[in-house]
Structures are given as C-alpha cells and as structure tokens.
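Novice: Shown below is the structure under consideration.
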C-alpha cells in the first residue's frame, strides 16, 4: 500500500517560515536581555569603582531603588557591625527594646518607602548603631547620641560615603503625617530634642500610659 503525504509544499514552507520567525524573536529577546544585564553590571562596576563600599551613591537609585530591608540589614550587620546583630530583628512599621533583652528595629513605612533609597539606608544604619550599642553595652537610651554613637557614626560614614546624622532631616513629611501636636506645661519644655512637643498621627492625648510620662 502506498501512503501519500497530505501536507502541501506551501504548508511546509509556512511552518518553516513560522519557526524561523519564532527563533528570530527569541534570539532578539535574548540579545536584549543580555544587553540590559551587561548595562546593569557596568553600572554596578561604576559604583564600586567610585567607592568600594559606597552605599548611597546616586547610581543605586537606578540599580536598586527599593531595596529589601532584611537583605540590607544582613549585609550591613556583617560589613559594619562585626555580625553582632544576629539576634536583632528588623521590620517595617525607631529602634525599641523589649523585655527579656530583645531588640527590634522598626522602620516607618509611611515616610521611608516614598523617600529616596539614600534616606532609607542612612536611617537603617542610624538605628543599627543604637542596636549595636544596646547589644554590646546594654545602652537603652535611644535619644542619646554620646561619644560611642558618634564614634560609630563617623566610622561608618567614612567607610561608606553615607551621611548618617544624629537626627533625621525629613521633618516636613513627619509633621505632615503626625498632624496632632501637644506640648507639655512642665520642665520638659526646656529639654532637648523635642522641647516638650508630642506629635502623633492619631488624636490620642498623652497620658500616664506613655512610658516617658513619669520622666
């Protein structure tokens, strides 16, 4: 019995042409992907050449504008804090301490996620210095920026090119988000850094339930 191929020569040519077009499209996409990957690597090389450990170079805003805070924390812990912060937690939500010696760094998503990457990095490093002093010296004074804090602040700024400061500079956004203000009538009006002002995002009157009330 003789069998005949029912596929016409036109259909075969069409299939071959379609396969060739699909291959060309895939090849173009791969070339585009390789080009973009090479450009990203070149940008990263430029950053590291400018400053080997520069964490606030403007190129980072293009390469990694929304970094993962957990990855940053682990990286900074080993680069700048000798791995001493393995027991510290970082999360979105000011560095605070819990009973039992637990330390957490809670970053405010409301005014950090919309700001430049540089502000997030410098705020995280600022709070990590507080956490480091707590872990190594049991220093629980978050409002204190004494010689030890300043020593590590200068050390990390010199290494990274960052501009970590004693106080954060983005007060306008903070004031906008914390629209309810009060001011005490006692001696705290003369105390730095807040001079008796309490600012909150909710209309919640200060009371003896606040941990600082007795001071």
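Novice: Restricting attention to helices (runs of 4 or more DSSP H) lying wholly within segment 106-173, give those where 2 or more residues are under 19 Å from the mean Cα position of the chain (by Cα) and modelled with pLDDT of 90 or more.
Specialist: The qualifying helices (runs of 4 or more DSSP H) are 117-137, 147-160.
Novice: Same structure again: Take the conditions surrounded by fewer than 16 Cβ atoms within 10 Å (Cβ to Cβ), at pLDDT 90 or above and out of contact with any helix residue (DSSP H, G or I) (no Cβ under 9 Å at 6 or more places or on another chain) and apply them to residue 74. Does it pass?
Specialist: Answer is yes for this residue.
The values are calculated or read from the model by the stated rules, or taken from the named source; none is laboratory data. Just so it is clear, the structure is predicted and the values come from calculations on it, not from any experiment. Heads up, the Cβs are rebuilt from the backbone with ideal geometry, glycines too, and the neighbour counts pull from every protein chain shown.
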